[in-house]
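Peer 1: Structure in structure tokens, see below.
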Amino acid sequence: MLGLKLRTDPRWVDLIENNLEMVLSDHAWCEKKAASNAIALLTYNSHLDDLVDTMTAIAIEEMQHFDMVIKIIRDRGYNLLMEEKDCYVNELYKFMKKDGSRTQALSDRLLFAAMVEARSCERFKTLSENIKDEELAKFYRDLMVSEANHYTTFLNFARKYGSDVDVEKRWQEWLEYEDQVIQNYGKKETVHG
């Protein structure tokens, strides 16, 4: 469904289990960044009512996820660690086209968002199937569904508003690029690391 070329090695979960405070903190910040991305999309495209309404709902949902992760962190006696750069997302951002028409830029920004959501969904699936902690397995299984919904939402909006773009061709380019990028990750205790 996601079209990702490379699946996460389940051994990555071993890293996660050895430093839950770090991955949970990173996850919380990922949710905040996802909310910020939705807000940016609605801010720059306020003339598109359906996009504004949907991005508002996504931003709220992402902040609810942030709150859920914070509660897990605190319930386990951990601290929310400082936010760090997400090198994976930054590498994807470099691939995003920032020139061309307004609709081309919007379409690529939506494909960028779909790509991040697709990989997050895949990572949450890997966690839900391999982590020994039953509470976190269920938590990540539930979030996997949400990420999949966001992925399809962003992809569908790219198709809707990318009238002067070959969206399917560009999505394939995103998948190819992400395949090269992700090969350098899966070695850190972070959602995308």
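Peer 1: How many residues, within the range 148-193, are touching a Lys or Arg at 6+ places or on another chain (Cβ under 8 Å), within 30 Å of residue 80 (Cβ to Cβ) and in a helix (DSSP H, G or I)?
Peer 2: 2
Peer 1: Look at the range 178-191 and say how many of its residues are closer than 26 Å to residue 35 by Cβ and at pLDDT 90 or above.
Peer 2: Taking the range 178-191 as the starting set, the residues that turn out to be closer than 26 Å to residue 35 by Cβ are 178, 181-182, 185-186, 188-191.
Of the ones still in play, those that are also at pLDDT 90 or above are 178, 181-182, 191.
Selection size over the range 178-191: 4.
Peer 1: In the range 4-30, how many residues are surrounded by 18 or more Cβ atoms within 10 Å (Cβ to Cβ) and part of a loop (DSSP other than H, G, I, E, B)?
Peer 2: Going through the range 4-30 one residue at a time, the tally reaches 1.
Peer 1: Are there any pairs, at least 6 apart or on different chains, whose C-beta atoms fall under 6 Å, with the first in the range 147-158 and closer than 19 Å to residue 128 by Cβ and the second acidic (Asp, Glu), and if so, which?
Peer 2: 147/117; 150/117; 151/117
Peer 1: One residue is enough: does the range 99-106 have a residue meeting the conditions among the aliphatic types (A, V, I, L, M), closer than 26 Å to residue 175 by Cα and touching a residue at least 60 places away in the same chain (Cβ under 8 Å)?
Peer 2: Yes, there is a match, as at least one residue in the range 99-106 is among the aliphatic types (A, V, I, L, M), closer than 26 Å to residue 175 by Cα and touching a residue at least 60 places away in the same chain (Cβ under 8 Å).
Peer 1: Within the bounds of the range 163-177, is there any residue that is closer than 19 Å to residue 33 by Cβ and buried (at least 18 other Cβ atoms within 10 Å of the Cβ)?
Peer 2: Yes - at least one qualifying residue is present in the range 163-177.
Conditions (1) under 13 Å from residue 27 (Cβ atoms); (2) surrounded by fewer than 22 Cβ atoms within 10 Å (Cβ to Cβ); (3) modelled with pLDDT under 95, marked per residue:
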| position | (1), (2), (3) |
| --- | --- |
| 85 | no, yes, yes |
| 96 | no, yes, yes |
| 117 | no, no, no |
| 120 | yes, no, no |
| 138 | no, yes, no |
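Peer 1: Considering only the range 142-172, state which residues are aromatic (Phe, Trp, Tyr) and closer than 30 Å to residue 68 by Cα. Talk me through it step by step, then tell me what you get.
Peer 2: Initially, the range 142-172 is screened for residues aromatic (Phe, Trp, Tyr), giving 151, 154, 157, 161, 171.
151, 154, 157 - these are the residues of the range 142-172 that are aromatic (Phe, Trp, Tyr) and closer than 30 Å to residue 68 by Cα.
The values are calculated or read from the model by the stated rules, or taken from the named source; none is laboratory data. Note that the structure is a prediction, hence the values are computed from the model and not measured. Cβ sites come from the backbone with ideal geometry, for glycine too, and all protein chains shown count toward neighbours.
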